[in-house]
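J.: Below: one structure in structure tokens.
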Amino acid sequence: MRLPPFDLHAPETLEEATALLERYGEDAAVYCGGTELLLLMKLGFAQPAHLVDVKGIAELAGLEARDGGLVVGAAVTHRELERSPLVVGRWPALAEMERGVANLRVRAAGTLGGNLCFSDPHSDPATFLLAADAVCVCRRGGGEARRVPLEEFVRGPYQTALAPGELLVSVEVPDAPPAAGVAHAKLSFHERPAATATCLVRLEAGRIAEARVAVGSVGARPVRAREAERLLAGLDAASPDLAAVEAAGEAAAVAARCTEDANGFVEYKENLVRVLCRRTLGRALARSMLTAPR
Ligand SMILES: Cc1cc2nc3c(=O)[nH]c(=O)nc-3n(C[C@H](O)[C@H](O)[C@H](O)COP(=O)(O)OP(=O)(O)OC[C@H]3O[C@@H](n4cnc5c(N)ncnc54)[C@H](O)[C@@H]3O)c2cc1C
């Protein structure tokens, strides 16, 4: 497999990047870590003559705590997220999820922005960030930034809400509520996850006051399982009603809109969703009970 020839551009500002994307139109592609794009080019699925490398744009770099959450630059790698003391201290479940993405080589080059913008349906961060109520900050050249909730940003396989010439600049991840427990789980047969689930529960007086359940990698896009969340709300955290937990798993399996592919049949994937929902709920509850005031 050989890479076709291309010109590499290294803009230092968003304005320069947008100008390049406008000048070269369909002949140009945004390039960040390259773990997806270069593979597509080697396989002959894409042949952009101009790659616009966005890693040198300051706005897309760095990680900081701001306004009650984290702001993660789109060009931040999975490895940076996994190792950042800020993330480990403030969003340990996010660091843990990132540790499970791909392999060390991919994590060292691949970025959060590249993962979300490629919008491969088999994504860990997309599922996790959906449960975290994350918001994608998008901007085109000198224009106003658009804040798009992750739920609207990921539209389907290889489709996002990005407009032509627009870049994903950063991802805002609000802090988890106090006394919340969060857990992410996945199952992989090949390199990419075949099923992913993230559960967040917040307790009040020993009961689930809020539940968020996101499932992905089994259908066209990750989804929030709202009916499952409704069924879990109010359950006793120490000994939840097992019939309600089972019903929540069932509701999540329906919400996931599983599709058949090389990872399995629809019924099989629905079962994976049920299992991962139970597993993440159990772990999230255990974590929340450790932090909840008694
Ligand atoms: C072997 C392997 C295993 C993997 N396993 C997993 C896994 O277990 N879980 C998982 O979630 N993922 C997995 N992945 C996917 C991996 O997370 C992504 O490849 C990586 O995050 C993509 O980031 P990148 O910077 O390399 O993107 P690139 O390849 O540079 O870009 C990907 C796409 O996004 C566009 N793009 C990139 N950045 C921006 C931006 N800021 N604004 C607008 N468009 C942009 C590019 O134009 C391109 O279309 C795996 C990938 C490989 C190759």
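J.: In this structure, is GLY234 on the phi > 0 side of the Ramachandran plot and either of a type outside the set (Phe, Trp, Tyr) or not in a strand (DSSP E or B) (or both)?
T.: In short, yes.
J.: Let me ask something else about it. Within region 164-177, is even one residue surrounded by fewer than 22 Cβ atoms within 10 Å (Cβ to Cβ), within 11 Å of the ligand (Cβ to nearest atom) and polar (S, T, N, Q)?
T.: No, because not a single residue in region 164-177 is surrounded by fewer than 22 Cβ atoms within 10 Å (Cβ to Cβ), within 11 Å of the ligand (Cβ to nearest atom) and polar (S, T, N, Q).
J.: Still on this structure, I have one more. Mind checking which residues of region 141-184 are part of a loop (DSSP other than H, G, I, E, B), charged (D, E, K, R) and within 24 Å of VAL201 (Cβ to Cβ)?
T.: Within region 141-184, just ASP175 meets the criteria.
J.: Residues being under 14 Å from the mean Cα position of the chain (by Cα), of a type in the set (Lys, Arg) and assigned to a strand (DSSP E or B): count how many of those fall in region 185-222.
T.: 1
J.: Specify the residue that is farthest from GLY73 (Cα to Cα); the eligible residues are those in region 17-37 that are out of contact with any Ser or Thr (no Cβ under 9 Å at 6 or more places or on another chain), of a type outside the set (Gly, Ala, Ser) and buried (at least 17 other Cβ atoms within 10 Å of the Cβ).
T.: The residue in question is TYR24.
J.: While we're looking at this one, here's another question. Give me the residue from region 110-122 that is near the ligand (Cβ under 6 Å from one of its atoms) and hydrophobic (A, V, I, L, M, F, W, C) and, out of that set, farthest from VAL137 (Cα to Cα).
T.: So, considering only residues that are near the ligand (Cβ under 6 Å from one of its atoms) and hydrophobic (A, V, I, L, M, F, W, C), the one farthest from VAL137 (Cα to Cα) is PHE118.
J.: Here's something else I'd like to know. Among the residues of region 189-203, are any more than 25 Å from ARG99 (Cβ to Cβ), away from the ligand (no atom under 11 Å from the Cβ) and either in contact with a helix residue (DSSP H, G or I) (Cβ under 9 Å, 6 or more places away or on another chain) or among the acidic types (Asp, Glu) (or both)?
T.: The answer is yes, given that some residue of region 189-203 is more than 25 Å from ARG99 (Cβ to Cβ), away from the ligand (no atom under 11 Å from the Cβ) and either in contact with a helix residue (DSSP H, G or I) (Cβ under 9 Å, 6 or more places away or on another chain) or among the acidic types (Asp, Glu) (or both).
Since every read-out is calculated from the coordinates, none of them should be taken as a lab result. Keep in mind the model is a prediction, meaning the values are calculated, not measured. All Cβ positions, glycine included, derive from the backbone under ideal geometry; neighbour counts span all protein chains shown.
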